[in-house]
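The structure under discussion appears below in the form of structure tokens.
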Amino acid sequence: MAMKTEAIGSIIKAQFERMLSAGCSFADARFYDEDRYQRVVLYDGNLESNTSRYERGIGVRVLKDGAWGFAATANLEAIPACFDRALANARAAAQLLGFQKDMGPAQTIKGRYRPPVERDPFEVPLAEKLEFLKGIDTRLQDKTVAHRYVGATFQRRRVNYQNSEGTEVDKWVLNTFGNMMVMTPDKQGRTQRRSLELYGKGTGTRGYEWLTDPDWFSGHAERIKQELAQIVAAEPLPPGKRDVILLPGQGFLQVHETIGHALELDRILGYELSYAGGSHVRPEMIGKLRYGSEKLNCRSGVTDNSPGTFGYDDEGSAQRDYMLIDKGILVGVLSCRADLAEANAKAGRTIVKQSGTATRACSFYRSPIDRMTNINIDPGNDGTLEDIIKATKDGVILDVPVSWSIGSNREHFHFGCEIAWEVKDGKRTKVYKNPTYQGHTLEFWGSLDMVGDQSTWELRQVPNCGKGEPNQVMELGHGIPVMRFRSVQTGEKE
Amino acid sequence: MLESRIRDLLLAARNSARKKGINAELSLHREKSSLIRLGNSSVALSTFEELTRLGVSVQDGRKVGSFSLTADITSQEQLQSALAQAHENCKAALPKNYDPIFGTVEEAVDDSTGYDPALENLAPEAKTKLCAGVVKALKPKGSYDFSGSWSSGSAEMYYISTANDNEAYRRLTDSRFVMVLKEQNRKWELSVERTAKRTGTFTAEDVAAEFAALLPMYEKNEGFKTDIGRQRVMFGPQAIAELVMLAIWGGFFGRWFEEKRAYTSSMKSGDKLFSEAVTITDDPTHPDVFGMPFDFNGKIRRSFSLVEKGIFRGVLYDSLTAARYKRQPTGHDLENWDIVLATGDGPAGIESGRKLAADALYIPHLHYIHLPDPTKGMFTCSSRFNAMRLEKGEFTAPLFSTRVTDTSPNVFSNVVAIAPDSVTVNVSSTYGQREPTAMSVPEYLVCDNVRITDVADSF
């Protein structure tokens, strides 16, 4: 007999009392009443993934003598033991401690969050989903296409968050992802591809209805098929320095890897060094560092419809909208409450006044860490994509990542894309294949000289950002306009 | 064997499915995982997770559906519910245009040889104490911060199907220790790693001594910005493990091979692929790896040759790819392979290896490796911890972050020397469940004509 949610809430509250009595300064618990996942994939028309998953359990943290202990269990009869284990872990951690963590001023929040949804994907019959995907697969079929891929992923989490300060948040997470791809070899035998992931404008709702809206997914099937044919017939991008125009389908990755990760405070403070890496940013640079040109305005945004919008983070803080980079100057970082004091002490001044409300965990059995939210670039005033093309004498337009490799401190990068369009004297002239570009982060963002207007701004979903030990995969969003960068190293010399 | 309380439930569920005429595969994964995470010379987080995951897959002709559950498994009701959900997914599925291979446990397996209860229950206090010993030994000598992680625990894997009465069970423990020392002003980073199957295989003194041996080069010398172009590179164990995995991803997956997306797609068994010094196997019987004895299609895993003395031998087929392309599955329905790059006849030890390498770059760790073009085996990545310049066989300067963009065939065809001694590298991912995975690689690998494509001004 599954234990009732209300009963679990009462047990958790009793444990907070016990932990505070044991000398803890803070404790919290995330009870996942339900964590559901479904993935369906058609590959060349064959249903190759047809799986669903259900998880239920609790993850608890306690802060004792400035050190964190975490424990998780799916055995809901063993919640007191889970708290005991977290306490024992905190005690052990406290034996080697440099800077004592603290949560700062206490806050008590009562909150509820529901994502905007018209049709819950988990209420849609599997057969209907498969019929929809099969329809897209049929449209992707062509004698010029060697392999086709179309899939959808759905997530629904019902999370109850409580902490020892009296905060209680009832939060649902609901995500809908879709992707399609066509592949075929070129004359040299290299497999070329063109793909599309479900995207939007950051508005509307995020249920099954988003996936079936042709504007954001299925309506692009013919286009990607046609563009694949153009790529296969194209020459490789010749190496050289030229202007680069990133469409949102590529710009999101540029932002993700060279701004988002670099501005996660746990990376800046050195907590990710042995796995994901550090950051070229040091705490004392916040408020001073010129990260890019004056055209660069980047925020941690609360976008209506995005996987990076979650209402409250996993410390119970209400998600805030704030600038990270303002007219090119670094002004903010992605953070949680517990790291602020350490960051300010390291900088020797107050560089972060309040939590970046960015701490999240991917499941009940992982501890919250600093994660990207919606790391958005504000639209600029340089017009439409066509306006930017007209203003470009020698450049390429790039779209959709194929490969990405970044230095451990996010200071340099090498990206490969699916497609490039040459721009000569203000006109889009021809397609190139195998485009790559590389650069150094600050120099690259310093070369940003045109930012498209709202018409170019798109919300791109990231379903699989990896970070943390134990490893975690998190979903988030990037709202990105078209951006132009000057004199970038493109193509491969060999 | 699996705890009888859960085993009995699973066997009853299997028998129940059989009676109903349902073709079902059931797998169970149980883990006890603990980890301490170091940051700023502190234990920033200490974690413990005790989790049970049930997987059910149902096949009806060419239809397949599956369901998984992460929860405490206590009742037959839970199992029947999971079975029903997988069955529903199967019923709604679209039929494949080929006959999928239904899982069958070839032989009964009951293997706990890799299990050490002491490692399963290694207390966070013991980990903290060892890390504190390293910090104490080195911290007073500079403005250093230590980061890192130490993961340890146990995993149990159990697999049965309605095809027969055989059961496959595996229980093992593993540990991965990584400590990173960062100098705060110049921002260089050094790393020491240890992989273990049992407790007591390393001490704070060992770790501190390894850091101490690396430190003078970084403390006394400015970073070296190497030239872009082709150079001789001496790779260390973690980098070799990454390079071998890249070579396998790009060239040895059955799916990519069949679809002409692998750099080996035009080859047949017996063709020359790499230098004759290169032999790569997936060998669960090798003593240095964790050794997974079965896969989750029920195949008994045996030593499988990918490259033998530079000759291409064969690619890996999971059951899905094998079914689709009418091949035989090779025991690769799982994440945790047991890859071994054979040792060579180079001189023993890093010191002798570097004398042989003479003028070269020493790159023991790679970061963020990716495959821009699998059809050529092209990869790109950057150097990371402990990288140094070699001149006349001596380390002369630490290396600034250096990008390597090359192809697997080029790197493994230009082998100058391979060390005679091996190192076990724990390459486990903990993104999903605990899947202990280790590779056995030589202590060093020296290659000529490795393509350097970018160099940063920093470490």
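Calculated FRET efficiency, residue B:118 to residue A:142, Cβ-Cβ distance, R0 = 60 Å: about 0.50 to the nearest 0.05. Based on Cα atoms of the range A:241-361, Rg over Rh with Rh as the Kirkwood radius reads 0.97. Taking all Cα pairs closer than 8 Å and separated by 6 or more residues, the relative contact order of chain B comes to 16 percent. For residue A:384, the residues whose modelled amide H falls within less than 5 Å of its own, excluding neighbours fewer than 5 places apart on the same chain, are A:453. Converting the Cα gyration tensor eigenvalues of chain A into ellipsoid dimensions via √(5λ) gives semi-axes, longest first, of 41, 29, 18 Å. Per the Cα gyration tensor, the range B:229-455 maps to an equivalent ellipsoid with semi-axes of 30, 18, 16 Å, ordered largest to smallest. In sequence order, the range A:93-108 has phi-based couplings of 4, 5, 6, 9, 9, x, 10, 6, 6, 8, 8, x, x, 5, 9, 10 Hz under the Karplus curve 6.51 cos²θ - 1.76 cosθ + 1.60, θ = phi - 60°, and Gly or Pro positions carry x. When trypsin sites (Lys or Arg not before Pro) are flagged only if DSSP places them in a loop and at most 12 other Cβ atoms lie within 10 Å, the longest unflagged stretch of chain A comes out as A:5-142. For the protein assembly as shown, what does the alpha-carbon gyration tensor say about shape, rounded, prolate or oblate, given a ≥ b ≥ c as the root eigenvalues, a/c under 1.5 as rounded, and a/b over b/c as prolate? Taking the square roots of the gyration eigenvalues as a ≥ b ≥ c, the protein assembly as shown is rounded.
A crude spin-label estimate for the pair residue A:235 and residue B:19, with each label 7 Å from Cα along the Cβ direction, gives 7.3 nm. To the nearest ten degrees, helix A:5-21 and the longest principal axis of the Cα atoms of chain A are 60 degrees apart. Using the alpha-carbon positions of the range B:267-363, Rg (one decimal) and Dmax (whole number) come out as 16.7, 50 Å.
For chain B, the alpha-carbon radius of gyration amounts to 1.05 times the rule-of-thumb value 2.2 N^0.38 Å expected for a compact globular protein.
What is the list of residues in the range A:137-155 whose amide nitrogen lies under 19 Å from a point 7 angstrom out from the Cα of residue A:209, following Cα to Cβ? It comes to A:154-155, nothing else.
What's the angle, to the nearest 10 degrees (0 to 90), between helix A:221-233's Cα axis and the longest principal axis of chain A? Between helix and principal axis, roughly 60 degrees. Given the rule -39500 (n - 2.57) for each run of at least 4 DSSP H residues, summed and divided by the residues of chain B, what is its mean residue ellipticity at 222 nm, to the nearest 500 deg cm²/dmol? Estimated from H runs of four or more residues: -7500 deg cm²/dmol. The calculated FRET efficiency for the pair residue A:282 and residue A:21, based on their C-beta separation and a Förster distance of 56 Å, comes to about 0.90.
Rounded to the nearest Hz, the phi-derived 3J(HN,Hα) couplings of the range B:103-117 under the Karplus curve 6.51 cos²θ - 1.76 cosθ + 1.60 (θ = phi - 60°) are x, 9, 6, 4, 9, 5, 10, 9, 10, 10, 5, x, 9, 10, x, where x marks glycine and proline. Scanning chain B for long hydrophobic helices, with DSSP H runs required to stretch 15 angstrom or more by C-alpha along their axis and to average at least 0.0 on the Kyte-Doolittle scale, returns B:124-138, B:204-220, B:237-251.
Along chain B, counting only GluC sites (Glu not before Pro) with a DSSP assignment other than H, G, I, E or B and at most 13 other Cβ atoms inside a 10 Å radius, the longest segment between sites is B:277-459.
Estimated purely from DSSP H runs of n ≥ 4, each contributing -39500 (n - 2.57), the mean residue ellipticity at 222 nm for chain A is -5500 deg cm²/dmol once divided by its residues. The label-point distance for residue B:164 and residue B:107, in a model that sets each label 7 Å from Cα toward Cβ, rounds to 1.1 nm. Rounded to whole numbers, the Karplus 3J(HN,Hα) couplings from phi for the range A:351-361 are 9, 10, 8, 9, 4, x, 6, 10, 8, 8, 10 Hz, using 6.51 cos²θ - 1.76 cosθ + 1.60 with θ = phi - 60°, and x at Gly and Pro. Using R0 = 35 Å, the C-beta based FRET efficiency linking residue B:205 and residue B:5 works out to 0.20.
Summing Cβ point charges (Lys, Arg +1; Asp, Glu -1) relative to the Cα centre of chain B gives a dipole of roughly 800 debye. Taking amide H atoms as placed 1.01 Å from N in the peptide plane, the amide H of residue A:472 lies under 5 Å from those of A:467, each 5 or more residues away in sequence or on another chain.
About its Cα centre, the dipole of the protein assembly as shown is roughly 780 debye, where the only charges are +1 on Lys and Arg Cβ and -1 on Asp and Glu Cβ.
Could you pull out which residues in the range A:177-207 have an amide N less than 17 Å from a spot 7 Å beyond the Cα of residue A:321, following the Cα-Cβ vector? Within reach of a label on residue A:321, which here means backbone N under 17 Å from a point 7 Å along Cα→Cβ, the range A:177-207 contributes A:201-205.
Readers should treat all values here as calculations from the given coordinates under stated rules, not as data from a laboratory. Everything numeric here is computed off the predicted structure, so don't read it as measured data. Virtual Cβ from ideal backbone geometry, glycine too; neighbours counted across all protein chains shown.
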